[in-house]
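The values are calculated or read from the model by the stated rules, or taken from the named source; none is laboratory data. Since we're looking at a predicted model, the values are computed, not measured. Every residue, glycine as well, gets a Cβ built from its backbone with ideal geometry; the counts of neighbours run over all protein chains shown.
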């Protein structure tokens, strides 16, 4: 029995409550698998990094300063036990530890073999979810296509911790129906020539397009459809824009300023100005393939992260990439993370850029299964877009074919989508051009449009002039 000292104060004999120690959460310690990409967390003053790679054996996050684009400031190798959830590799980096870092990329190693594996730990790989991309002065496409390192010459993601908030107050979604007159235009080509009347400092840019709004209004245009504005490889001979490098970043070379992230501000100002003029903005989007091409093409991102996870395979060992796009590769929409990437990209352009709708290049690719066969029923991507409460309300236009399928009319599985009527376009152009014996074809196209679409929920878009098959 313990004796009690009578002169001890009563409160001193009471047990003291320990002060709770606030320990970091698992996400703060190991990172979170979602959202994908590099995400700034204001309350923690930290970046969360997350990238998808099913077959990778190791992933290293590379952080670069603005003064040394060859040697990473930090090379953080992710622990597959702590920094991996399922197929997603992730980590959390406080700004206090990486304050001088300006850019980021990945180095990934994995198995080698004939099944589209292109793992090369010497390659500096771009994050597919990067929203701003920096091309170093020594950027070199050829190095990305050859074995070995391309350090200092590869595109990098930009770390934007304090991106300014854009003032969208008063902006409204434009949804023209009976009065819809769509003008397809190329951002650079529309104002690049001196006869556009645009100051050469802004000619061929998002800002230059703003100055042509009175001209569009004079024509009676209610919707502009911008030919592809996704960031692409500046060394790829791709004037039209149909060879995307990334699905989240606007093409920086269309901005009047080369300052990092300036393209976001200029693009938003363009959209806001068009909306103020009651003109809707639709993007021509290319999600069916990437600029990486076939097995001979450059390794910028998807190939090096997980070729079999992103691309469809063929049964031909000589040409291992399935090519339903006609450009060398085809994204694999049988993979849920590829579909998620497209959905996340669409949401990004809707939420951050206030886009009113999308025209999907070679949309029949979306209905292909992993083995290349067509899903004539309920192709997953169409269902997922339709089920999204925001995306499902936008104007969705399909180019209902690819190199191996033509689904114009009743055969296209996107039942609520509008369809790009290419046959109408081609025959109307021939008739207007004065080609001989075109009256029967003209009548056939007018009546065929009504017959072909009378049993589907969507309606055809009947273009007269587009960039395709011109003249």
Restricting to region 343-364, what's the tally of residues that are out of contact with any strand residue (DSSP E or B) (no Cβ under 8 Å at 6 or more places or on another chain) and over 30 Å from residue 170 (Cβ atoms)? 0
Could you tell me whether any residue of region 52-74 is more than 25 Å from the chain's Cα centre (by Cα), at pLDDT 95 or above, surrounded by 13 or more Cβ atoms within 10 Å (Cβ to Cβ) and farther than 16 Å from residue 105 by Cβ? no
Residues of region 287-314 satisfying the condition of being touching a strand residue (DSSP E or B) at 6+ places or on another chain (Cβ under 9 Å), part of a loop (DSSP other than H, G, I, E, B) and over 14 Å from residue 233 (Cα atoms): 287, 288, 294, 295, 312, 314
Taking the criterion of being modelled with pLDDT of 95 or more and surrounded by 13 or more Cβ atoms within 10 Å (Cβ to Cβ), would at least one residue in region 9-28 satisfy it? no
Filtered residue count, region 315-339, keeping only those that are in contact with a helix residue (DSSP H, G or I) (Cβ under 7 Å, 6 or more places away or on another chain) and assigned to a loop (DSSP other than H, G, I, E, B): 6
Condition test on residue 367, is it within 25 Å of residue 55 (Cβ to Cβ) and either within 13 Å of the chain's Cα centre (by Cα) or assigned by TED's automatic domain parsing to the domain that holds residue 413 (or both)? no
Restrict the check to region 442-452 and report whether at least one residue is under 27 Å from residue 330 (Cβ atoms) and either at pLDDT 70 or above or touching a strand residue (DSSP E or B) at 6+ places or on another chain (Cβ under 8 Å) (or both). yes
State whether the residues of region 223-239 include one that is modelled with pLDDT of 95 or more, buried (at least 21 other Cβ atoms within 10 Å of the Cβ), closer than 30 Å to residue 316 by Cα and outside the structural domain of residue 118 (by TED's automatic domain parsing). yes
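Determine, yes or no, whether residue 121 is under 26 Å from residue 261 (Cα atoms) and touching a strand residue (DSSP E or B) at 6+ places or on another chain (Cβ under 6 Å). Working first, answer last.
Working: under 26 Å from residue 261 (Cα atoms): no; touching a strand residue (DSSP E or B) at 6+ places or on another chain (Cβ under 6 Å): yes.
Here the answer is no, as residue 121 does not meet what is asked.
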Yes or no: residue 245 at pLDDT 95 or above, out of contact with any helix residue (DSSP H, G or I) (no Cβ under 6 Å at 6 or more places or on another chain), assigned by TED's automatic domain parsing to the domain that holds residue 292 and surrounded by 16 or more Cβ atoms within 10 Å (Cβ to Cβ)? yes
Looking only at region 150-191, which residues are buried (at least 20 other Cβ atoms within 10 Å of the Cβ) and without any contact (Cβ under 8 Å) to a residue 24 or more places away in the chain? 190, 191
Taking residue 381 as the residue in question, decide whether it is assigned to a helix (DSSP H, G or I) and under 26 Å from residue 321 (Cα atoms). yes
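Just a yes or no: is a residue in region 287-301 closer than 21 Å to residue 357 by Cβ and surrounded by 24 or more Cβ atoms within 10 Å (Cβ to Cβ)?
So far as region 287-301 goes, yes, one or more of its residues are closer than 21 Å to residue 357 by Cβ and surrounded by 24 or more Cβ atoms within 10 Å (Cβ to Cβ).
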